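The values are calculated or read from the model by the stated rules, or taken from the named source; none is laboratory data. Everything numeric in this text was worked out from a predicted model, so none of it was measured. Cβ coordinates were reconstructed from backbone atoms using ideal geometry, including for glycine residues, and neighbour counts include every protein chain displayed.
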Amino acid sequence: MSRPMPVSKVMLLSLLGALVLTLMPLPDELAPARPYWVALVVIYWNLEAGRLRHLGQAFGLGLLLDLLTGTLLGQHALSLIVISYLTERFRNRLRFFPPWQQAAAVMALLFNDRIVQLWVIGLTDDAWPHWSWWLAPLIGMILWPWLFLLLDRLRQLERLQKT
Amino acid sequence: MSFTAGTWTSGPGGDQAARTARLMVYGLLATILMVLDYRGGYVSEIRSRTAVVVEPMLLAVEAPFALGRRLGEELRSRHELQDRIALLEQQLRGLEAELIMLEEFESENAELRRLLEASRRVEVAYRAAELMSIDLNPYSHRVLINRGRRDGLEEGQPVIDAEGVIGQVDQVARNSAHVILISDPDHALPVRVRRTDLRTVAYGTGQINSLRLTDLPMNVDLEPGDVLITSGLGGLFPPGLPVAEVREVTRRSGEPFARADARPLGRLDRARHVLVVAAQAADDELAAEQPLDDDGTEPVAEQAEGEP
């Protein structure tokens, strides 16, 4: 069903960048509101380039993220497969939304993800997250159009270089 | 802008069903992993295996920020540095004077113990470490320090800062280690109330600024302001390290036990330099007198300036 695509440097770089941004030190007040970079990048590549569509890829990335951030093993894996599944499910609609509408849809995805993660956090008896934790989807929405433009431009450059 | 055609033509029903099935399988897998991780750490094996891959990535992310911090220090004006040196020297003199007094006490203490034929106090060696600046998941109550197996760290060693206990070494990689903070909901620490010698256990609450004491008798002699120190029971923590200060004691009628809320004295969220209690050379004067470390003598007083 799927033929192997050549490995895109831009994709690897964007994933790496997302991981770095996830680990980047932030002041304590802002840390809970850190946008879910990896999810944003995964959604972008799924929607616009039709890559990273396999749930297995999302799962692997999630596990890597869990190991890097010292989270309960499987928490990000679960959250990313749900995001990947939903993105794929509504892909055909989302792709042709105007940018701000698309951003709103992305926020809905991220918000849904917060609920999934809250479920895990609640079960593991941690304290209720700080209120600013709920800001992360909003920040994700604000970032989305810019991330979109940036990655689109990079992808275009890469394509031009190849031809 | 033209979209490159997707690699798959997303077919109708059948494809979707297969995908849903896969979602179920992966979801189940993730859940199983989480349960295994949560219940008794069956996956610590996986974690320590993958540390080989994960650690270099963490160090690579850390490097530019460490460099930035270094540069920031380089750029500080000469004047400012001189001021700080003066301040530190002043502090050092004060501490040295105190130390002389303490030496006096120590010899006196040894004398008394000999008279009482009590066992010798456990000697403790410290190893300085610095927190790495990268952020882990804020809900995991873990921090990374820049010392690892290579520096002789082992799982279970206590980690303290100048004010008190902050946690315990949890997972050791080659050049770094995870420290589980005492505020982690899974963490329990045997403590003693300094004023009354009452022994109890302080549990983490998941809040960085609070510990919980449960199962206290209703008539317990405990007041806000009482200081909790490690009791040394359990064998991991040497006795006498300050842990927390009681903030509030609640005796709710209808409940069999009183509870108390305590504020950790160690700066769990702000400490930059920490000490790992590296070894307990019990009956060996020599081992205790030779500092284990040659480069780990960072001044603890520096802690005051750390993160913003």
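If you go through region B:171-203 and keep only what is in contact (Cβ under 8 Å) with a residue 60 or more places away in the chain and over 22 Å from B:Ile134 (Cβ atoms), you end up with just B:Ala202. Count of region B:43-91 residues, restricted to those that are outside any helix (DSSP H, G or I) and closer than 19 Å to A:His76 by Cβ, is 1.
Filter region A:144-156 down to residues that are surrounded by fewer than 16 Cβ atoms within 10 Å (Cβ to Cβ) and in contact (Cβ under 8 Å) with a residue 12 or more places away in the chain and give me whichever is nearest to B:His141 (Cα to Cα). Step by step, filter region A:144-156, then rank; the result is A:Pro145. Which condition does B:Gly72 not pass, out of (1) within 24 Å of the chain's Cα centre (by Cα); (2) within 14 Å of chain A (Cβ to nearest Cβ), if it passes all the others? In the conditions (1) within 24 Å of the chain's Cα centre (by Cα); (2) within 14 Å of chain A (Cβ to nearest Cβ), B:Gly72 misses (1) alone. Residue count for region A:46-56 under the criterion of being part of a helix (DSSP H, G or I) and farther than 16 Å from A:Trp146 by Cβ: the result is 4. Could you figure out which of (1) surrounded by 15 or more Cβ atoms within 10 Å (Cβ to Cβ); (2) farther than 28 Å from B:Met132 by Cα isn't true of B:Gln90? That leaves (1) as the condition not met.
Just checking, does region B:28-49 include any residue being facing chain A (nearest Cβ under 10 Å), surrounded by 16 or more Cβ atoms within 10 Å (Cβ to Cβ) and closer than 18 Å to A:Leu16 by Cβ? Taking every residue of region B:28-49 in turn, none turns out to be facing chain A (nearest Cβ under 10 Å), surrounded by 16 or more Cβ atoms within 10 Å (Cβ to Cβ) and closer than 18 Å to A:Leu16 by Cβ.
A single entry from A:Phe59, A:Phe90 fulfils the requirement of being in contact (Cβ under 8 Å) with a residue 12 or more places away in the chain, over 11 Å from the mean Cα position of the chain (by Cα) and at the interface with chain B (Cβ under 7 Å from one of its Cβ atoms): A:Phe59.
Can you name the residue in region A:1-23 that is modelled with pLDDT under 85 and surrounded by fewer than 16 Cβ atoms within 10 Å (Cβ to Cβ) and is also farthest from the other protein chains (Cβ to nearest Cβ) among such residues? Checked region A:1-23; the qualifying residue farthest from the other protein chains (Cβ to nearest Cβ) is A:Lys9. Selection over region B:207-231 of residues that are crowded, with 20+ Cβ neighbours inside 10 Å and in contact (Cβ under 8 Å) with a residue 60 or more places away in the chain gives a count of 1. The condition of being touching a Pro at 6+ places or on another chain (Cβ under 9 Å), modelled with pLDDT under 90 and among the small types (Gly, Ala, Ser) holds for only one of A:Ala127, A:Ala108, A:Ala49, that being A:Ala127. Condition test on B:Arg147, is it outside any helix (DSSP H, G or I), surrounded by 10 or more Cβ atoms within 10 Å (Cβ to Cβ) and in the same structural domain as B:Ala188 (by TED's automatic domain parsing)? Taking the combined requirement at face value, the residue satisfies it. There is at least one residue in region A:30-40 that is more than 20 Å from B:Ala51 (Cα to Cα), more than 7 Å from chain B (Cβ to nearest Cβ) and more than 14 Å from the chain's Cα centre (by Cα).
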